[in-house]
Amino acid sequence: MIGLRGSGRETRAEHAQEGSGTKAWIGWPSFLLPAALLILFASWLPAIAAGERLHFALAWIPSLGVNLSFLVDGLSLTFALLITGTGAVVALYSGTYLAGHPHFARFYLYLGLFMVAMLGLVLADDLITLFVFWELTTVASYLLIGFDHASAKARRSALQALLLTGAGGLALLAGLILLATAAGSFELSEILASGDAVREHGLYLPILVLVLLGAFTKSAQVPFHFWLPNAMAAPTPVSAYLHSATMVKAGIYLMARMHPVLSGTDAWIWTLTIAGATTAVLASVIALRQTDLKLALAYTTVMALGTLTMFLGAEATVAIAAAVTFLIVHALYKAALFLIVGILDHQTGTREADQLGGLARAMPISACIAAAAGLSMAGFPPFLGFIGKELKYEGALAIASEPLLVATAAVLANALMVALAGIVALRPFLGNRRQTPRAPREAPIRLWIGPAFLAALGLSFGVAPALIADTLVQPAVTAILGRPETVKLALWHGINIPLLLSALTLALGLAIYARHRRLRAALAGLESRLPTTADQAWDGLLDGLRSLAAAQTRLLQSGVLRRYLLLTFATLALAVGTTLFAVDAVRLPRLWPELLVKEWAALGLVSAGALLAATTQSRLTAICALGVVGVGVALLFLMFGAPDVAITQLLVETLFVVLVAVVMLRLPRLQPDHGSARGGRLRDAGVAVLVGAVVTLVLLAVVDGPIDRSVTAYFEQASVPEAFGRNIVNVILVDFRALDTFGEIAVVAVAALAALALIRGGGLRRARS
Amino acid sequence: MPAEIGFLSMAAPEIFMACAAMLLLMGGVFLGERSARLITWLSVATLLMAALLVLSVAPGESRLVLLSDLFVTDSFGVFMKVLVLAASAVTLIMSLGFNEREQIARFEYPILVVLATLGMMMMISANDLIALYMGLELQSLALYVVAAFHRDSLRSTEAGLKYFVLGALSSGMLLYGCSLIYGFLGTTNFSDIAAVFAGEADVTPSVGLVVGLVFLMVGLAFKVSAFPFHMWTPDVYEGAPTPVTAFFAAAPKLAAVALLLRVLIGPFQGLAGEWQQVVVALSIGSMLLAAFAAINQTNIKRLMAYSGIGHIGYALVGLAAANEAGVRAVLIYMAIYLVMVIGTFCCILCMRNGGRMVEGIDDLKGLAKTSPGMALVLAIFMFSMAGIPPLAGFFGKLYVFLAALNAGLYALAIIGVLASVVAAFYYVRIVKVMYFDEPVGSFDRPVGREMVAVQTVTGLMILLFFLWPGPLLAAAEAAVRALFAA
């Protein structure tokens, strides 16, 4: 995987005047707005805890029944609180972290855009509204990842994230529309009530696949996980906010939201469990391999997302409760740790694991915060992380279908998490002091107050889990399962299997931590021997796309007119030919008709003329040969009793040959076509024969069916009494359609006049020059 | 007959335009080459006046057939004509500065545009195969000339010639199809053709009729530049002078789609089972081709050609549904497309570096720094074309996909979504180039008041469509009802 050494550093102007940069005041409203929203949402907690559901609506596209409507229940409120809470912390932090950056104001604009989009996403009650906000978060994330636009890596990562999550988003759109079709409504509140109808609908599987594609790409599940570590090119506050606490959880939110509608089938259970378990274990192994602390945290985020997905696959109440609790736990400690890594980077100039050590003396406050967050991550009592971990094990064992798989995956992932907590939160502060690019100094209060707040929450919720059990976890679980549930959280459950598993996890984790350097080297060796990584596969995909585009351009868009004509005729012949065969309209004459010698002669004349026209190298010969074809056709008309048509044909043919010959004489000589080789000529001949054959088939089929004779009958009847003529063609020309004929003559005359003017004008110009 | 005169007044916009075009031509000849600017503004006034006339003679809910059943006016016609006239007028205004700078400002250009637009209006109002062909040829002949309007440019001449040869070929196919249809049904009138199918519920059409319909559709597919009859589009778009390309991408495309709807929904609704398959094939081909072919393009005009092919593919998704919801989606899609494409070309026309036009996508590098306003507007159009909400383009796509899904065309809708994923790739790449790449040079300022006005208005329309989608939806609804009432 790609190491992004210190790329976050360049975003910040070196040695900027901290806190007093340009437009520093922007930070304050950006902090106050989410803080105010946080208080507003918190004020709804009692009502939601009492089991209420709040609903706001506004008509938007009435003709489609699409409304701008919002739904607040336990699940959406939990997310809204996380978004505004971490949003406020990150806004406060960024004010100092990015102070003096030339695009400081733009940063807050993007951040605000993202926060609004994310809130809209979790609060939306209407599928289309939800999707609109979903895509807006993608766009905001694109802008924030590419914020450091001087770096090519940041640009590539931004584009990669946008394309991958955007593609998933479009799949989601198709899924949501299908879902609305199946449930008969765009309103989530109505769809949630019609779970059985959707599950039994014929479109259930496509809906599930499309919705999960959207959720998996957004929430970085294997094999779509690679964009998230690359997204660490964004400034650290962005990584803390979007790519660990909120946006990547949008996929989790979606799966939780759709739980009452889509869950319970084998497809749901197995897909989520296997994808989640694979993601969790694989990501924590890769995380161990990283030396960049931020990147290691990114992979632990992927691990957390995998764990959440795995538990959402289940039906058991305790599994869902584990998911919700872990969601809160993770948001609290992960955002805090990201911000701490940002502080380390900011104060020492590096975030490489090997260059950091013994900073506890220089940065005591940061060390305490890191320790608190790290202990929560590792799942030590009395932190909330411990409760989360216990619940996870309980939930894993409660999953009826595959408890062993889930429990094994959970233990493995958590053991690795313990080791990583040690690497990220403890090692930089303990041990020997190492040389860093900048002399370490404790961070200003505005930097550490946010993470301190988050870490403190992790501790207090752990000590007093009742604070969130009834108000947040229980309503959220109720919303996810679609039925009233009671959830109790407690630190001490007595000695049981989860506790034993916890002990096993700690032992395993400490063992891994002790050997993590050797493991890291081994993993790095393994990685270099892998044939390809997902990231390289992505590049391969894009390259393939480009060469496909180039190949089709060479084939179809050569810029040569003859090639276009060839393709057009070939398509037409194939399309019409296939249609003829498909409707079973191919009629071959059963017997060869008895042809007379004169008919054979005319046929030979036409064929010889056509062959000559196709093979000759001289324009004049070709025109004359075409004239011969025309004469042959006129002869045929004559033989089948239509002398008037034959004469017309002969006249037109003669006129045509003369006119074209006059024009051709002015053109340069035809160059023999050396460019197209024998194969090209053969191909052209093939297409020509094909077109001819298809037209013949059409003709035979047409002749086979009844032709509408009403027009013929009318003229047969009317030509003598009304126009006193027996030659129907003549009568039409000079009598029934006399005015048309007159118009045509006028047109020809005007055209001739114009041609004369052109020719004379050309002559005059030549005379003048 | 007073009744006939009263009827004729329903064709007042077309009659007015024909007379005005001839008067303008005479005026131009008498005033000489320097009158180009005056004639252009008079042509714009003619187009706007015609639009007012169209609205003032709008027949409301009713549907009137006149001129021996050759010409029909209804809400559908009003909807399409207003859009076509507006598109022609705006692209004509956009051409002013360009033509003067490139020294190809001639008075014939606006008059040819007026004549082409007249042809389009005849196409939209056609109620007969012959009337259809008349309108189509009037339009096409003017367009062939306009494509080669920059006579001293090799590329422009080549574009005109290619367009002419392939266009003539398509006209031939269309006529061949018309003659087969006439031969098997004994009529060229749309109302009579519709009556043939209305009589029998489960009619098995004769092979000749189906083949005729296929040829007719091939001819029309050329005009809307749907795959595999799109080959002329990139070459002509690149070769023609940019204002001409802008015009090509807007009004004629819309008129051709209108004609396609008029023909398929009007007389041949009874054959929906037959033409639906053709439309699905055209649609899938166009969407996929455009998505993959556009990736490697370096010239923005060429890119827009492929983008246009793709958009036609999406519009055809709606048509494939062959019901009212589907056609309504097509109308909404095309109206939004029109605004996006005009706005985009307005930006392309402002890409001037040191007095010289540039067309490379690389020339847009760092536009966000050098001209932030234009970069923002172009970014809005690109995101909208990629179908990213809440911009108008998203709603266009939403409507067509909804219609296709409701009609049970799941495969088509899913291929459409996949194609738009790939398409998003190249639209977003332009945004990336503008916002994240380092500038290589800046474009000449000022770009002209009319350009800024067009960019601002179209940009706001796309950006704020979601706030007030009602009027467009209502107009499209009325148009569709009129079309299906036929």
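The values are calculated or read from the model by the stated rules, or taken from the named source; none is laboratory data. All of these numbers come straight from a predicted model, not from anything done at the bench. Note that each Cβ is placed from the backbone with ideal geometry, even for glycine, and that neighbours are counted across all protein chains shown. These accessible areas exclude ligands, DNA and RNA; they are computed on the full protein's heavy atoms, side chains included. Shrake-Rupley method; radii C 1.70, N 1.55, O 1.52, S 1.80 Å.
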Segment B:119-137: number of residues that are part of a loop (DSSP other than H, G, I, E, B) and closer than 13 Å to B:ALA50 by Cβ: 1
Flag if A:GLY85 is within 23 Å of the chain's Cα centre (by Cα), assigned to a helix (DSSP H, G or I) and among the small types (Gly, Ala, Ser): no
Residue match in segment B:226-235 (condition: within 30 Å of B:GLY186 (Cα to Cα), facing chain A (nearest Cβ under 10 Å) and not small (Gly, Ala, Ser)): yes
Residues located in segment B:32-75, provided they are closer than 14 Å to B:ARG106 by Cα and open to solvent by less than 70 Å² (accessible area, probe 1.4 Å): B:GLY32, B:SER35, B:ALA36, B:ILE39, B:THR40, B:SER43
Residue within segment A:642-652 that is under 24 Å from A:LEU561 (Cβ atoms), open to solvent by less than 90 Å² (accessible area, probe 1.4 Å), in a helix (DSSP H, G or I) and modelled with pLDDT of 75 or more present: no
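Yes or no, residue by residue, for (1) open to solvent by 10 Å² or more (accessible area, probe 1.4 Å); (2) of a type in the set (A, V, I, L, M); (3) within 14 Å of another protein chain (Cβ to nearest Cβ):
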{"residue": "A:VAL90", "(1), (2), (3)": "no, yes, no"}
{"residue": "A:GLY100", "(1), (2), (3)": "yes, no, no"}
{"residue": "A:LEU109", "(1), (2), (3)": "yes, yes, yes"}
{"residue": "A:VAL122", "(1), (2), (3)": "no, yes, no"}
Conditions (1) closer than 24 Å to B:VAL457 by Cβ; (2) open to solvent by less than 10 Å² (accessible area, probe 1.4 Å); (3) away from every other protein chain (no Cβ under 12 Å): number failed by B:ILE342: (2)
Count of segment B:449-478 residues which are in contact with a Leu (Cβ under 8 Å, 6 or more places away or on another chain), within 12 Å of chain A (Cβ to nearest Cβ) and either among the aromatic types (Phe, Trp, Tyr) or within 16 Å of B:PHE394 (Cα to Cα) (or both): 2
Single residue of B:GLY270, B:GLY285, B:GLY219, B:GLY239 found to be more than 14 Å from chain A (Cβ to nearest Cβ) and small (Gly, Ala, Ser): B:GLY270
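Give the residues of segment A:485-500 that are of a type outside the set (A, V, I, L, M) and surrounded by 12 or more Cβ atoms within 10 Å (Cβ to Cβ), sorted by residue number. Break it down into steps so the answer makes sense when it comes.
So the first thing to find is which residues in segment A:485-500 are of a type outside the set (A, V, I, L, M), and the list is A:485-486, A:488, A:492-494, A:496, A:498.
Listed by number, the residues that qualify are A:GLU485, A:LYS488, A:HIS493, A:ASN496, A:PRO498.
Can you spot a residue in segment A:11-22 that is at pLDDT 70 or above and assigned to a helix (DSSP H, G or I)? Before the answer, list the steps.
At the first step, the residues of segment A:11-22 found to be at pLDDT 70 or above are none.
The answer is no, given that none of the residues of segment A:11-22 is at pLDDT 70 or above and assigned to a helix (DSSP H, G or I).
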Residue match in segment B:297-308 (condition: farther than 23 Å from B:ALA246 by Cβ, buried (at least 24 other Cβ atoms within 10 Å of the Cβ), at pLDDT 90 or above and of a type in the set (A, V, I, L, M)): no
Condition check for A:GLU200: in contact with a strand residue (DSSP E or B) (Cβ under 7 Å, 6 or more places away or on another chain) and open to solvent by 10 Å² or more (accessible area, probe 1.4 Å): no
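Tell me the residue from A:THR478, A:THR471, A:THR532 that is among the polar types (S, T, N, Q), free of Cβ contacts under 8 Å to residues at least 24 places away in the same chain and either farther than 30 Å from A:MET363 by Cα or open to solvent by 40 Å² or more (accessible area, probe 1.4 Å) (or both), please. Give the steps one after another, and end with the answer.
Numbers: A:THR478 fails: free of Cβ contacts under 8 Å to residues at least 24 places away in the same chain; A:THR471 fails: free of Cβ contacts under 8 Å to residues at least 24 places away in the same chain.
It is A:THR532.
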Residue in segment B:402-410 that is buried (at least 23 other Cβ atoms within 10 Å of the Cβ) and part of a helix (DSSP H, G or I) present: yes
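Tell me the residue from A:ALA275, A:ALA316, A:ALA353, A:ALA304 that is surrounded by fewer than 24 Cβ atoms within 10 Å (Cβ to Cβ) and at pLDDT 90 or above, please.
On the way: A:ALA316 fails: at pLDDT 90 or above; A:ALA353 fails: at pLDDT 90 or above; A:ALA304 fails: surrounded by fewer than 24 Cβ atoms within 10 Å (Cβ to Cβ).
One residue alone meets the criteria, A:ALA275.
May I ask you to say which residue of A:ASP704, A:ASP735 is surrounded by 11 or more Cβ atoms within 10 Å (Cβ to Cβ), at pLDDT below 75 and under 29 Å from B:ILE193 (Cα atoms)?
Details: A:ASP735 fails: at pLDDT below 75.
Criteria check complete, one pass: A:ASP704.
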Hits in segment B:100-118 - residues which are in a helix (DSSP H, G or I) and open to solvent by 10 Å² or more (accessible area, probe 1.4 Å): B:GLU100, B:ARG101, B:GLU108, B:LEU112, B:LEU115, B:LEU118
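Only one residue in A:ALA503, A:ALA466, A:ALA455 is at pLDDT 85 or above and open to solvent by 50 Å² or more (accessible area, probe 1.4 Å). Which one? Working first, answer last.
Numbers: A:ALA466 fails: at pLDDT 85 or above; A:ALA455 fails: open to solvent by 50 Å² or more (accessible area, probe 1.4 Å).
After applying the criteria, what remains is A:ALA503.
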Test: residue in segment B:200-209 that is touching a residue at least 24 places away in the same chain (Cβ under 8 Å), open to solvent by less than 20 Å² (accessible area, probe 1.4 Å) and among the hydrophobic types (A, V, I, L, M, F, W, C): yes
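Scan A:PHE715, A:PHE736 and give me the residue that is more than 30 Å from A:ARG563 (Cβ to Cβ), in contact with a helix residue (DSSP H, G or I) (Cβ under 8 Å, 6 or more places away or on another chain), in contact (Cβ under 8 Å) with a residue 12 or more places away in the chain and within 13 Å of another protein chain (Cβ to nearest Cβ). Write out each step before concluding.
Numbers: A:PHE736 fails: within 13 Å of another protein chain (Cβ to nearest Cβ).
The match here is A:PHE715.
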Unmet requirement for B:MET334, which otherwise passes all of (1) more than 30 Å from B:ALA453 (Cα to Cα); (2) modelled with pLDDT of 90 or more: (1)
Options B:PHE190, B:PHE184: the member that is open to solvent by less than 40 Å² (accessible area, probe 1.4 Å), more than 22 Å from the chain's Cα centre (by Cα), more than 20 Å from B:ALA251 (Cα to Cα) and within 12 Å of chain A (Cβ to nearest Cβ): B:PHE184
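Residues checked against (1) assigned to a loop (DSSP other than H, G, I, E, B); (2) closer than 16 Å to A:ALA688 by Cβ; (3) open to solvent by 50 Å² or more (accessible area, probe 1.4 Å); (4) touching a Cys at 6+ places or on another chain (Cβ under 7 Å):
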residue: A:LEU565; (1), (2), (3), (4): no, yes, no, no
residue: A:VAL576; (1), (2), (3), (4): no, yes, no, no
residue: A:GLU594; (1), (2), (3), (4): yes, no, yes, no
residue: A:GLU599; (1), (2), (3), (4): no, no, no, no
residue: A:ALA614; (1), (2), (3), (4): no, yes, yes, no
Only one of A:THR138, A:THR165, A:THR129 that is more than 10 Å from chain B (Cβ to nearest Cβ), touching a residue at least 24 places away in the same chain (Cβ under 8 Å) and not hydrophobic (A, V, I, L, M, F, W, C): A:THR165
